[in-house]
């Protein structure tokens, strides 16, 4: 058999592909990240805010884009498509077609002069055509890679851009290229397409100006969008007062061929409604829902806030038949029905919440690469292997497999890495490069010898700022021994020049005055490191983004400001010190807490990659809740699957199982945890929390008093044993969910109820089945079950939010009464079996475990991840991860994907021999510190502990754990004794820079 | 004729506001040249002391910008920033310098236009206020010095860093304290520490009586007595001599910086 290749190709660079690439690269694999478009980022880059935290999408995503663009183990191949994959799992040859950008990617600096001078315009796709862009363009300002490309369709070939480009990057004749790449595995994440709203003719999209799609509305809300964040009517620019959102446009709709639910539209509509109201006070949003599907973590709370605090009006159980435009006012009148009642209401703007379609490229990829699609055109996967395509060695993540939200996508993106890595784990670290550096020059004690490089950035700086005079000024500053100018400081020949100057003038500090450190500091730091200087002996003055570009018409003032900025940078540079990143040893093993589906999956994923795992389970058996479930899910019984999984865990030589055991104490930190159990102490590099959750034990509806009242789990047992005799079955949803005590939605109960209802009907078609609910939340492809249940004659009755059905035992006969929102009256049913859809409750032990691990819980007492959107399986405390129902209730496939994700994240740590600490971290001046402890609680990373001073046991002092500190500096501002300092931002450095700012310049 | 051009220092957090300021540049929003920017990793690094020191040294305006609440790259850093700047504002009000000279604003990575607008607006406001009079007004200078000293004070540092946790997470007894009462405590502590610092300044070179101090502090003499008592018990103020029936006090200079 051929050797495995330690490289992976990731196809599609939206948030899924980006996360996958970062995790692979951090796990010791080379990554080829292939993207069809010229820049990465996908749909998330177009979003304004994200639910349920209302985070700015670009703010949270941009650092990941920059990280992947910069990672030495990731090769970005943009503007490229996969043509063919040959070979066997572990050793594939992939053929790619790289479409020409007509710009030399090596030379383009992204300065944008070409686009400014380009004379032809076309619609800007990034802004959904609501704005124009030039024929030579970059999708959005923060794009990665920041390389312009020519859109041949629009370009008239006038030659202006080539003339304007000082870097000589424009190459009109540049050809498409065929590429061949060797990889061990492939992960597909080409994402989704939005539904074409034109296909719903009755809503008038494309015809009526004031009917827009949700993604257009997203751009309208964005500060970087066409309207700068002010919501305006496209017809007349007025701020709309009444805005209607129509849900399920291209979802749950058999007529247009998309019978499935798109899973995300309810939440994004609520978010857009909230944000629109925030941007334009007085704006009144209304949302027309069939069901409000707020099933994710904290979603229900968000929904409630939208209604109660933001006044978002929600029309539940409604269907909009048509939209008509008033030809005079361009207002829109909606005809909608709720039950049998039909109404009309006028709005100023209508937003169509368009659903998700499979990636446009999906069919072509499926044919060319030989994997199956499901009946809706999404990538086919199985409940028990949600990350595998039908072709071995090719994996999938994100919305290409089913519509899903960002956190689920990100967890899967990490999850797919575990599957690919298990296949090629023996080839880890074979294709990655480790940079060798010359030894560092010791500059401690030397007088500062500062070199200042001032950049023209073509004409971006030089066109406004008088660069030669800034250079002359720099020469007069204390400590500066060299100052010079560059046309492009970032070009590779300039890097060589900088290195030469360092040698020639024995420079020991370098200042570059050019663009922004956010994108370019690492490049220059790398350059000076190559010349033997510690990378922290570097300072930047941003005289482009924050000077020449914003003061284009004030060259004199801009020049004066540039001098000031250079003076400030030099003042700090004089005081810069080399910072060391210390190395912390890492144990190549993990602890997994919880032996259910999530825990066993994570343990196996880690073990399959060759690392030892300790699996701690509090019961006397493995398998958690699911091992008791006989009822079929997918094409098999969870119990059978679980037994198989237990067998694999037992057989794995890398897994040590600790049954009837529990965590007693946790010490140490990332890379070196010490976990105490009754069996002894376990050392591990990472910890995964997978402690699960429980079914709620109802205290209502005579449960436990009357044998005819059961939970869904108990019903499944009856179905399985074929002992179900009832002729009239009533199911009540949200028992122990969405009420005052437990306000959250338990996510899985609707689908379980509907599935069980189908089984009852199939076994006995004459049995009456009623499902009493507030909303039916059968999201994604689970909508198929809802439809099937309806077809089989299951009756659905909606009762209002804030109420619950009641029960009475009248002379031995159960009577259930609920208010029917369609009939608008009480309906009474006499069931001979009442099934309670009991919610999911968090483990009682969560609080204690959370305290030991020093990780937080959400207000619902589930574990709280580091970031609800982009770090769904990480805790803020490094080295500890989260999976399964301990995080939030979820289905089998979701649990598996998330558990694999947690395993991957743990492996990014334990596969390393050592971790490097941050350079910019806090440090304690022990002479001054008196151990008052003010700093300890302000640190979000638990990096500070108050310990006894070893030299003086009566004295306390603060100690910073360098492995945990992220270098934010909050402890420095908190310290009452000025004992805490932030390396690189020390008090004296801060004062040097601000004193220089106050000096009168020239 | 040259118009007054205010000198402004703006602190930008690396992750949101600095990116927003960059975006303003990328989008070519034009705004006045007055601001000199200082990048920090997180706005939470900017202590009240730093901003007050800048105003004391003659900056016409100081602005601190960070991620919007909830967006902080370091989870909660900006909440601390908010509380600390609140304290700086309280101190500033006590000095008599216009408190509008210190601004806190949130600018996200996508708010280039907002950033340009905020800076433009700040410049306009400062032009309306005119130059920072600190170099021409010895009294103000000494009050600003007192504010700087107070901002370094142990008690205020502790309170301003503990405030959030007391309100949101609970105190040592597991009780949550309501925001109003914490703010009440802060308000009082800030005023007390400011006045204490001012008394130490006033008595540094020349001994002063309670009446003289009360006049400078602009408060009833019985309040001043409280400060004097407290400073004496902290061993920072000593009785210098008694002038007739009037005791005069002098600051105890301990040397060092």
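The values are calculated or read from the model by the stated rules, or taken from the named source; none is laboratory data. Here the structure is a predicted model, which means the values were calculated and not measured. Quick reminder, even Gly has a Cβ in these numbers, built from the backbone with ideal geometry, and neighbours come from all protein chains shown.
Of note:
- Residue satisfying condition, being in a loop (DSSP other than H, G, I, E, B), surrounded by 15 or more Cβ atoms within 10 Å (Cβ to Cβ) and on the phi > 0 side of the Ramachandran plot, within set A:966, A:942: A:942
- Residues (part of a loop (DSSP other than H, G, I, E, B) and in contact (Cβ under 8 Å) with a residue 12 or more places away in the chain) located in the range A:298-320: A:298, A:310, A:311, A:312, A:316, A:317
- Subset of the range A:38-56 (residues that are over 16 Å from residue A:269 (Cβ atoms), part of a strand (DSSP E or B) and in contact (Cβ under 8 Å) with a residue 12 or more places away in the chain): A:55
- The set of residues in the range A:764-814 being assigned to a helix (DSSP H, G or I), under 33 Å from the mean Cα position of the chain (by Cα) and either surrounded by fewer than 18 Cβ atoms within 10 Å (Cβ to Cβ) or at negative phi (or both) consists of A:781, A:782, A:783, A:784, A:785, A:786, A:787.
- Of the residues contained in the range A:290-297, none is found to be crowded, with 18+ Cβ neighbours inside 10 Å, at negative phi and not in a loop (DSSP other than H, G, I, E, B).
- Hey, residue A:135 free of Cβ contacts under 8 Å to residues at least 40 places away in the same chain and surrounded by 15 or more Cβ atoms within 10 Å (Cβ to Cβ) or not: yes
- Boolean, residue B:104 is more than 8 Å from chain A (Cβ to nearest Cβ), out of contact with any strand residue (DSSP E or B) (no Cβ under 7 Å at 6 or more places or on another chain), buried (at least 19 other Cβ atoms within 10 Å of the Cβ) and modelled with pLDDT of 95 or more: no
- Selection within the range B:28-42 - out of contact with any strand residue (DSSP E or B) (no Cβ under 6 Å at 6 or more places or on another chain) and within 7 Å of another protein chain (Cβ to nearest Cβ): B:28, B:29, B:30, B:31, B:33, B:41
- Residue list for the range B:43-76, restricted to those being facing chain A (nearest Cβ under 7 Å) and under 18 Å from the mean Cα position of the chain (by Cα): B:44, B:45, B:46, B:47, B:50, B:54, B:57, B:58, B:59
- When the range A:201-225 is limited to residues that are in contact with a strand residue (DSSP E or B) (Cβ under 6 Å, 6 or more places away or on another chain) and assigned to a helix (DSSP H, G or I), the one that is farthest from the other protein chains (Cβ to nearest Cβ) turns out to be A:202.
- Of the strands (runs of 3 or more DSSP E) that lie entirely inside the range A:335-430, those containing 3 or more residues that are under 25 Å from the mean Cα position of the chain (by Cα) span A:349-354, A:356-358, A:394-396.
- Every residue from the range A:78-92 that is in contact with a strand residue (DSSP E or B) (Cβ under 8 Å, 6 or more places away or on another chain), part of a strand (DSSP E or B) and over 22 Å from residue A:65 (Cα atoms): A:83, A:84, A:85, A:86, A:87, A:91, A:92
- Scanning the range A:518-542 for residues that are surrounded by 21 or more Cβ atoms within 10 Å (Cβ to Cβ), within 16 Å of residue A:572 (Cα to Cα) and within 14 Å of chain B (Cβ to nearest Cβ) turns up A:538, A:539, A:540, A:541, A:542.
- Being under 14 Å from the mean Cα position of the chain (by Cα), modelled with pLDDT of 95 or more and within 30 Å of residue A:272 (Cα to Cα) holds for only one residue in A:60, A:15, and it is A:15.
- The set of residues from the range B:120-151 being more than 16 Å from residue B:92 (Cα to Cα) and touching a helix residue (DSSP H, G or I) at 6+ places or on another chain (Cβ under 7 Å) comprises just one member, B:125.
- Hey, residue A:932 in a loop (DSSP other than H, G, I, E, B) and within 39 Å of the chain's Cα centre (by Cα) or not: yes
- With respect to the stated conditions, residue B:165 is free of Cβ contacts under 8 Å to residues at least 40 places away in the same chain, within 14 Å of chain A (Cβ to nearest Cβ) and in contact with a helix residue (DSSP H, G or I) (Cβ under 7 Å, 6 or more places away or on another chain).
- Against the criterion of being facing chain A (nearest Cβ under 7 Å), part of a helix (DSSP H, G or I) and over 22 Å from residue A:980 (Cα atoms), residue B:21 qualifies.
- Residue in the range A:254-271 that is within 17 Å of residue A:334 (Cα to Cα) and touching a strand residue (DSSP E or B) at 6+ places or on another chain (Cβ under 9 Å) present: no
- Selection status of residue A:878, within 14 Å of chain B (Cβ to nearest Cβ) and either touching a strand residue (DSSP E or B) at 6+ places or on another chain (Cβ under 9 Å) or in a helix (DSSP H, G or I) (or both): yes
- Residues in the range A:718-739 that are touching a strand residue (DSSP E or B) at 6+ places or on another chain (Cβ under 7 Å) and either modelled with pLDDT under 90 or part of a helix (DSSP H, G or I) (or both): there are none.
- Strands (runs of 3 or more DSSP E) enclosed by the range A:502-594 - at least 3 residues per element that are touching a helix residue (DSSP H, G or I) at 6+ places or on another chain (Cβ under 7 Å) and within 22 Å of residue A:466 (Cα to Cα): A:509-514, A:538-542
- Among the residues listed as A:934, A:947, A:924, A:938, the single one being over 21 Å from residue A:854 (Cα atoms) and at pLDDT 90 or above: A:924
- Selection over the range A:938-957 of residues that are within 14 Å of another protein chain (Cβ to nearest Cβ) and either under 28 Å from the mean Cα position of the chain (by Cα) or farther than 20 Å from residue A:878 by Cα (or both) gives a count of 6.
- When residues of the range A:916-937 are limited to those that are buried (at least 20 other Cβ atoms within 10 Å of the Cβ) and touching a helix residue (DSSP H, G or I) at 6+ places or on another chain (Cβ under 7 Å), the one farthest from the other protein chains (Cβ to nearest Cβ): A:922
- One residue from A:100, A:95 being more than 22 Å from the chain's Cα centre (by Cα), surrounded by fewer than 21 Cβ atoms within 10 Å (Cβ to Cβ) and part of a strand (DSSP E or B): A:95
- Failed item in (1) within 27 Å of residue B:70 (Cβ to Cβ); (2) in contact with a strand residue (DSSP E or B) (Cβ under 7 Å, 6 or more places away or on another chain); (3) not in a helix (DSSP H, G or I), with residue A:68 passing the rest: (3)
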